[in-house]
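Quick notes on the structure that follows.
Values in this text are rule-based calculations from the coordinates and carry no lab data. Just so we're clear, the structure is a prediction, and the values are computed from it rather than from any experiment. Neighbour counts are summed over all protein chains in view; Cβ atoms, including those assigned to glycine, are modelled from backbone coordinates with ideal geometry.
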Amino acid sequence: MNSRAPALDLGTTRDTVDRRPTKLVCRNIWKLFGVGAPEFIASRRGVATANEIAQAKLIGAVKNVSIDVREGENFIVMGLSGSGKSTLVRCLSRLIEPTWGSIEFDGKDLLKATPDELIEIRRHKMGMVFQNFALLPHLTVLENIAFPLSVQGIDVKTRERRARELIDLVGLTSREQFYPRELSGGQQQRVGIARSLAVEPDIWFLDEPFSALDPLIRREMQSELIRLQSVLKKTIIFITHDFDEAIRLADRVAIMKDGETIQIGTPEDLVLHPATDYVAEFTRDVPRAKVMSAKRIMAPISDHRDYGGSVKASDKIVSFAAEIVGRRQNFVVTDEGGEPIGEVTANAVINVLAERDPHAAVAE
C-alpha cells in the first residue's frame, strides 16, 4: 500500500522535447539463466510471464526491457539489489549475451557483430567503469591510464601524451608516477575514470562506480563527473541504487524492479508523477525542491520587471530558494540562450518548500 500523500497538482508541463539523436536503442531485452533459456523465450517470441519462467525452472534477471538513450544524455538505471540493473548494462555492452531482444548502437546491431567487430567497438567506442577500480597494481597512474591505448597498438609517445591530458582533466597532476596503493579511494577512482576515457569513447558505461567510496568522497566524485560531462558531452549509462545520486546526475532515470523497467522519466516526473505505488514509495522522501525546475513553477513575465536575480529554466529550486526567499523579489527565468521566458516568485518557492501548490497564496 502506498503511504505517500496524494501528489499535488503541479501542472502538466514537461521539459522541452529532447531532439538529440538516439545513440543506443534496446528492444525487448531478456536475460534468462538456466537450461534451455534461449529455446524457451524464442518459442514464446519474447513474451513470458513470471509464472511461466518459474515453471521452466529459469531465473529472469532482465525481462523485456526497452530503452532509448540519446546522444550526450546522462541516462541512469537504478533499482535495489537484485533488480537487474547491472545485468542489463552488461547486456547492453555484450559483456554477457542477452537471451532475446535487439541492441542497436549508432544504428549497428550489436547482437550481430562478430567477435572481432565487438572487440573493435569496445576498444574504440565504449568506456567502462565499475565499482571495483580494477587498476593494475604494478603500473603507475600514467601507465594505467595509457594501458587501453597500448592494447590498441598506439605508440608510446602518443599514448603518454593522451594519458597526461587525462591526468590533468581528472585532477591528478603531479601523481603520474604514483602506484595505486599510494592513492586514496577517490584518487584511484579518478584513475579508473581517466583510463576509461583514454580511447575517447562514444558511450560510457558506469556501474555503481562510487558506491564503495566514503560519502564525502562520493559527493566529490559526483561533482567531478558533472564537471567532466560539461566538458566532454559523453553519452552515459550510469547504474546506481541511490536515488539522491540519480537526482544529481540524471537527465532521465529508468527504475527497475525484478528485472523489469517500471518507469522511465526525468527525476522531476518520477517524483511528481509516479506511475506505480513502487515508484511513489521509492521517491517518497525526496524533497520536491531538489527535483523541480524553475520552468515548472514559472509564471508569465510581469509588467514591472523589477527582478532580484535570474535563474535558468533548468535550475533546480533548491539551488536558488534561499536567495529568492531572502530577497522577496521575483527572479527572471531564462532559456539556454539567455532570453527571458518567464519569472519565478518567492511565494511559489515557499509553497514548493512547504509541499503546497506553488501558485497558492502565501499568508504574510
Exercise for the section: Report the calculated FRET efficiency for residue 59 and residue 231 (r = Cβ-Cβ distance, R0 = 41 Å), to the nearest 0.05. Expected result: 0.50
Problem - Near-label residues of the range 127-141 by backbone N, under 18 Å of a point 7 Å along Cα→Cβ of residue 176 - result: 139-141
Fill in the blank from the handout: Going through 31/295; 63/312; 233/295; 23/157; 108/234 one by one, the pairs whose alpha carbons sit over 30 Å apart turn out to be 31/295; 63/312; 23/157
Problem - Euclidean distance of C-alpha centroids, the range 180-245 and the range 62-110, integer Å - result: 19 Å
Problem - Whole-Hz ³J(HN,Hα) from phi, Karplus 6.51 cos²θ - 1.76 cosθ + 1.60, for the range 314-327, glycine and proline x - result: 8, 5, 6, 4, 4, 6, 10, 4, 4, 5, 6, 5, x, 7
Exercise for the section: Tabulate in residue order the Karplus-calculated ³J(HN,Hα) for the range 289-302, using 6.51 cos²θ - 1.76 cosθ + 1.60 with θ = phi - 60°, rounded to whole Hz; enter x for Gly and Pro. Expected result: 5, 7, 10, 7, 9, 4, 4, 5, 10, 6, 10, x, 5, 8
Handout entry: Net length gained if the chain between residue 165 and residue 328 were fully extended (0.36 nm per residue, minus Cα distance)
Key = 54.1 nm
Completion exercise
Which of (i) 56, 49, 33; (ii) 63, 47, 32; (iii) 67, 59, 36 gives Cα extents along the principal axes in Å as computed here? It is (iii)
Problem - Gained length - residue 47 relative to residue 108, 0.36 nm times residue gap less alpha-carbon distance - result: 19.5 nm
Handout entry: At R0 = 22 Å, FRET efficiency that the Cβ-Cβ distance of residue 244 and residue 216 yields, to 0.05
Key = 0.95
Practice task
May I ask what percent, to the nearest 5, of DSSP beta bridges between residues of the chain are antiparallel?
Solution key: 55 percent
Fill in the blank from the handout: The rounded separation in angstrom of the Cα centers of the range 287-325 and the range 135-169 is 44 Å
Practice task
Starting from the Cα gyration tensor of the range 265-364, take the square roots of the eigenvalues, sort them a ≥ b ≥ c, and report rounded, prolate or oblate (rounded when a/c is under 1.5, otherwise prolate if a/b is larger than b/c, else oblate).
Solution key: prolate
Practice task
Sum -39500 (n - 2.57) across every DSSP H segment of at least 4 residues in the chain, then divide by the residue count to get the 222 nm mean residue ellipticity, nearest 500.
Solution key: -10500 deg cm²/dmol
Exercise for the section: For the range 289-353, give the share of DSSP beta bridges that are antiparallel, in percent and rounded to the nearest 5; count only bridges with both residues there. Expected result: 60 percent
